[in-house]
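**Q** First, the structure itself, so that you have it in front of you.
The values are calculated or read from the model by the stated rules, or taken from the named source; none is laboratory data. Every value quoted in this text rests on a predicted model; they were computed, and no experiment measured them. All Cβ positions, glycine included, derive from the backbone under ideal geometry; neighbour counts span all protein chains shown.
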Amino acid sequence: MSEVTKPRPKIYNLNLSDLMSYRLPLAGWVSILHRASGFLLTLLLPVVIWLFDKSVSSEISFGVFSAAFSSGIGIFAAWFLKLVVWVIITAFVFHALAGIRHLILDVTHRMTKEYGRHSAATVIVATIVLSLIFGAKLIGLY
């Protein structure tokens, strides 16, 4: 006697209610976060350009720029400015590492689940380590 198997359900569109029960693999999360970090970097590009302009235009503006990280500027406290800069740095590091991962996947054609999971975990761990290192430098631990 042959065993009758139940056909797998076909999911064509995921509704908002389905997203809570859908388990996305780690490589999928890295791919989605890569897009989100790119979008965040695009939104924060005017802030980055302004920060760069203020830091290199003159010695006086660099002094004002440096003082903003110790005493704040306007309605923004110094800790908030450091947090914004840390978010920008973390988004850039993650976006760069995930982009390198995607390039390596495209060049080497390694499309196995194991390699995808391993490379995604490597990107996440490296981002956390580098983010902590840059954050420690930003708040003056070293």
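**Q** Pick from Ser21, Ser55, Ser61: which is among the hydroxyl-bearing types (Ser, Thr, Tyr) and closer than 21 Å to Ile133 by Cβ?
**A** Ser55
**Q** Report, by residue number, each residue of region 83-131 that is aliphatic (A, V, I, L, M) and loosely packed, with under 12 Cβ neighbours inside 10 Å. Step through it out loud before you land on a result.
**A** Looking only at region 83-131, we keep the residues that are aliphatic (A, V, I, L, M), and these are 83-85, 87-89, 91, 93, 96-98, 100, 103-105, 107, 111, 120-121, 123-126, 128-130.
Selection gives Leu103, Val107, Met111, Val125, Val129.
**Q** Let me ask something else. Quick check: anything in region 101-122 under 13 Å from the mean Cα position of the chain (by Cα) and free of Cβ contacts under 8 Å to residues at least 40 places away in the same chain?
**A** No; the residues of region 101-122 include none that is under 13 Å from the mean Cα position of the chain (by Cα) and free of Cβ contacts under 8 Å to residues at least 40 places away in the same chain.
**Q** On to the next question. For Ser70, are the conditions met, namely being over 13 Å from the mean Cα position of the chain (by Cα), more than 21 Å from Leu132 (Cα to Cα) and of a type in the set (Ser, Thr, Tyr)?
**A** Spelling it out, it is not the case that Ser70 is over 13 Å from the mean Cα position of the chain (by Cα), more than 21 Å from Leu132 (Cα to Cα) and of a type in the set (Ser, Thr, Tyr).
**Q** On to the next question. Anything in region 83-142 that is out of contact with any Leu (no Cβ under 8 Å at 6 or more places or on another chain) and of a type in the set (Lys, Arg)? List them, or say none.
**A** The answer is Arg101, Arg110, Lys113, Lys137.
**Q** Just the residues that are exposed (fewer than 15 other Cβ atoms within 10 Å of the Cβ) and under 16 Å from Phe69 (Cβ atoms), please, taken from region 132-142. I'd like the intermediate steps shown before the answer.
**A** Initially, region 132-142 is screened for residues exposed (fewer than 15 other Cβ atoms within 10 Å of the Cβ), giving 132-133, 136-137, 139-142.
Matches in region 132-142: Ala136, Lys137, Ile139, Gly140, Leu141, Tyr142.
**Q** Test Phe80 against the stated conditions and say whether it is surrounded by 13 or more Cβ atoms within 10 Å (Cβ to Cβ) and more than 30 Å from Ser31 (Cβ to Cβ). Quick ask: steps written out before the conclusion?
**A** On the way: surrounded by 13 or more Cβ atoms within 10 Å (Cβ to Cβ): no; more than 30 Å from Ser31 (Cβ to Cβ): yes.
Taking the combined requirement at face value, the residue does not satisfy it.
**Q** State all residues of region 94-130 that are under 18 Å from Gly38 (Cα atoms) and of a type in the set (Val, Ile, Thr); if no residue qualifies, say none.
**A** Once the filter is applied, which keeps residues that are under 18 Å from Gly38 (Cα atoms) and of a type in the set (Val, Ile, Thr), region 94-130 yields Ile100, Val123, Ile124, Thr127, Ile128.
Condition check ((1) surrounded by 11 or more Cβ atoms within 10 Å (Cβ to Cβ); (2) at pLDDT below 80) across all residues:
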residue	(1), (2)
Met1	no, yes
Lys10	no, yes
Asn15	no, yes
Leu40	yes, no
Val48	yes, no
Asp53	yes, no
Ser71	no, no
Phe76	yes, no
